[in-house]
Amino acid sequence: MARGDHARAARWALAVLTFINFLNYIDRYVLASVFEPIKRELHFSDSELGWTLSAFMIAYSLTSPVFGRLGDLFTRKYLIAAGVAVWSLATAGAGLARTFWQMFFPRSLVGIGEASYATMAPGIITDYYEEKRRGRALAVFYAAIPAGSALGFVLGGYLSELYGWRSAFFVVGLPGVALALLTLAIREPQRGAADSAAGSAAAAPPTLIETYRILWRNRLYRFVSVGFVAYTFALGGLVGWMPAFLERYDGMRTAEANQVFGAMTVVSGFLGTFAGGFLGDYLLRYTRNSYLWVSGLCMFAGAPVAVVALAARTPSVFLPAIFLAEFFLFLNTGPLNAVVLGSVAPGIRSTAMAVNIFFIHALGDAISPPIIGMLSDRAGLFRATLIAPVFMLASGAVLLYAIRFRAAD
């Protein structure tokens, strides 16, 4: 492929995958935006609300390894297109729920559909962009997380107040079926095409068992995944419960809480995600561990700010604190994923991403909302959410410790 054609194909792939990632997070977080209306109509406890949010994460985690292996063996864009269609229909289906299980099941299907996308899309981007530009490309891709999450909150709260909470699921879910077709226009890159190692692109992937052994022996990959778990636990818990927190403790209405939190999420998320990607790439000229330094130090900086955000009741204090805490959290997105993808061979990247996704969600944001919900039922939501800054500190410690394994592995 000529250089100009390659650049255009890379930009198109990045644009399409980023746009679908934007939709991904709208669908993922629209549920959290209507927690309180659902609680009032369907009489769910806080624990049940937490489990409806975690239904997605449980299915997402359990099916990610399957799609990761498929992504290493087959054409990725076809699998992604099918997944986008499935999760979009399932999102709309949640709007028909009348009981806990009728909400739990379609949210599980959303997780299955998104697992096909999340395990393969970062690998396609990595195969298009060489290492010195990879952090920035992934920062663009992951900038869709705060934007989509914020719009999910804003749309959910707005539509809920105007037309009822069910309308939110219909409006954000159904358009995704058409967007699945965009994926088919991507030119599938050769695996490892942007890596410098000779012959890496042509190497056949090892067996599944051998792939798992390779990942287990990779200490950098292992420790970064542990730090990623703690980070995801904190992020998922805070994002899932913050709109309800603002309603209960700061006197906001459903739409107001979602609009305020959504606006702060999109701005802090954009700034943090881009800052992390560009800062990590810039510091690569001074240290190969720049991504880990950026992520680890920002976790330490963000933890005390998160405590202030949760404890304060004055808007002039808690609103800037929420903004800054989210900035530090989202700053990790590009650097951490760049380390995960860059620490393994091109032929096993989809599986490596899938295994990482399984653990960070199964032990992270799949369990943090219900854990916080159960703690809230017993001790109140304020005390329950304080577990998140503790996990932020743990994440920072593990990520900085992982630096020692970079040269060895």
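The values are calculated or read from the model by the stated rules, or taken from the named source; none is laboratory data. Bear in mind the structure is a predicted one, so any value in this text is a computation, not a measurement. Glycine gets a Cβ as well: all are built from the backbone with ideal geometry, and neighbour counts include every protein chain shown. The accessibility values were calculated without ligands, DNA or RNA, using every heavy atom of the protein model including side chains. Shrake-Rupley method; radii C 1.70, N 1.55, O 1.52, S 1.80 Å.
The residues in segment 52-73 that are hydrophobic (A, V, I, L, M, F, W, C) and surrounded by fewer than 23 Cβ atoms within 10 Å (Cβ to Cβ) can be counted, and the count is 5.
Of all residues assigned to segment 180-190, at least one qualifies as being in a helix (DSSP H, G or I), modelled with pLDDT of 85 or more, open to solvent by less than 60 Å² (accessible area, probe 1.4 Å) and within 27 Å of ALA362 (Cα to Cα). Those helices (runs of 4 or more DSSP H) of segment 343-409 in which at least 2 residues are open to solvent by 10 Å² or more (accessible area, probe 1.4 Å) and among the charged types (D, E, K, R), considering only elements entirely within it, cover 368-379.
Scanning segment 113-135 for residues that are in a helix (DSSP H, G or I) and over 22 Å from SER64 (Cα atoms) returns TYR128, GLU131, LYS132, ARG133, ARG134, GLY135. For GLY237, state whether it is touching a Lys or Arg at 6+ places or on another chain (Cβ under 9 Å) and open to solvent by less than 10 Å² (accessible area, probe 1.4 Å). Judged against the criteria, GLY237 is not a match.
For VAL344, the stated conditions hold: it is β-branched (Val, Ile, Thr), under 29 Å from GLY71 (Cα atoms) and over 19 Å from the mean Cα position of the chain (by Cα). Among the criteria (1) at pLDDT 85 or above; (2) within 14 Å of the chain's Cα centre (by Cα), the one ALA147 does not fulfil is (1).
Does LEU138 count as open to solvent by less than 10 Å² (accessible area, probe 1.4 Å), in a helix (DSSP H, G or I), in contact (Cβ under 8 Å) with a residue 24 or more places away in the chain and not basic (Lys, Arg)? For LEU138, the condition - open to solvent by less than 10 Å² (accessible area, probe 1.4 Å), in a helix (DSSP H, G or I), in contact (Cβ under 8 Å) with a residue 24 or more places away in the chain and not basic (Lys, Arg) - is met. Every condition in (1) in contact with a Cys (Cβ under 9 Å, 6 or more places away or on another chain); (2) in contact (Cβ under 8 Å) with a residue 60 or more places away in the chain; (3) within 23 Å of PHE405 (Cα to Cα) is met by LEU331 except one, and the failing one is (2).
Residue-wise test of (1) within 23 Å of ILE186 (Cβ to Cβ); (2) basic (Lys, Arg).
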{"residue": "LEU53", "(1), (2)": "no, no"}
{"residue": "PHE56", "(1), (2)": "no, no"}
{"residue": "ALA59", "(1), (2)": "no, no"}
{"residue": "SER64", "(1), (2)": "yes, no"}
{"residue": "ARG69", "(1), (2)": "yes, yes"}
{"residue": "ASP72", "(1), (2)": "yes, no"}
{"residue": "LYS77", "(1), (2)": "yes, yes"}
{"residue": "ALA81", "(1), (2)": "yes, no"}
{"residue": "ALA85", "(1), (2)": "yes, no"}
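Take the conditions (1) open to solvent by less than 40 Å² (accessible area, probe 1.4 Å); (2) under 27 Å from GLY347 (Cβ atoms); (3) of a type outside the set (A, V, I, L, M); (4) at pLDDT 85 or above; PRO37 misses just one of them, which is (2). Taking segment 272-304 as the range and being touching a residue at least 60 places away in the same chain (Cβ under 8 Å), aromatic (Phe, Trp, Tyr) and open to solvent by 20 Å² or more (accessible area, probe 1.4 Å) as the test, the residues that pass are PHE274, PHE278, TRP293, PHE300. Answer yes or no as to whether LEU375 is more than 19 Å from ALA59 (Cβ to Cβ), free of Cβ contacts under 8 Å to residues at least 24 places away in the same chain and hydrophobic (A, V, I, L, M, F, W, C). In short, yes. Across segment 256-271, the qualifying residues are those that are of a type in the set (A, V, I, L, M) and surrounded by fewer than 19 Cβ atoms within 10 Å (Cβ to Cβ), and the one among them that is farthest from ALA325 (Cα to Cα) is ALA263. Scanning segment 15-34 for residues that are more than 17 Å from the chain's Cα centre (by Cα) and open to solvent by 10 Å² or more (accessible area, probe 1.4 Å) yields a single hit, ALA15. Within segment 96-124, residues that are aromatic (Phe, Trp, Tyr) reach partners that are open to solvent by 10 Å² or more (accessible area, probe 1.4 Å) with beta carbons closer than 8 Å, at six or more positions or on different chains, in the pairs PHE100/LEU42; PHE100/PHE44; PHE100/GLU48; PHE100/TRP51; PHE104/TRP51. Across segment 151-179, the qualifying residues are those that are of a type in the set (A, V, I, L, M), surrounded by fewer than 17 Cβ atoms within 10 Å (Cβ to Cβ) and touching a residue at least 60 places away in the same chain (Cβ under 8 Å), and the one among them that is farthest from ILE26 (Cα to Cα) is VAL177.
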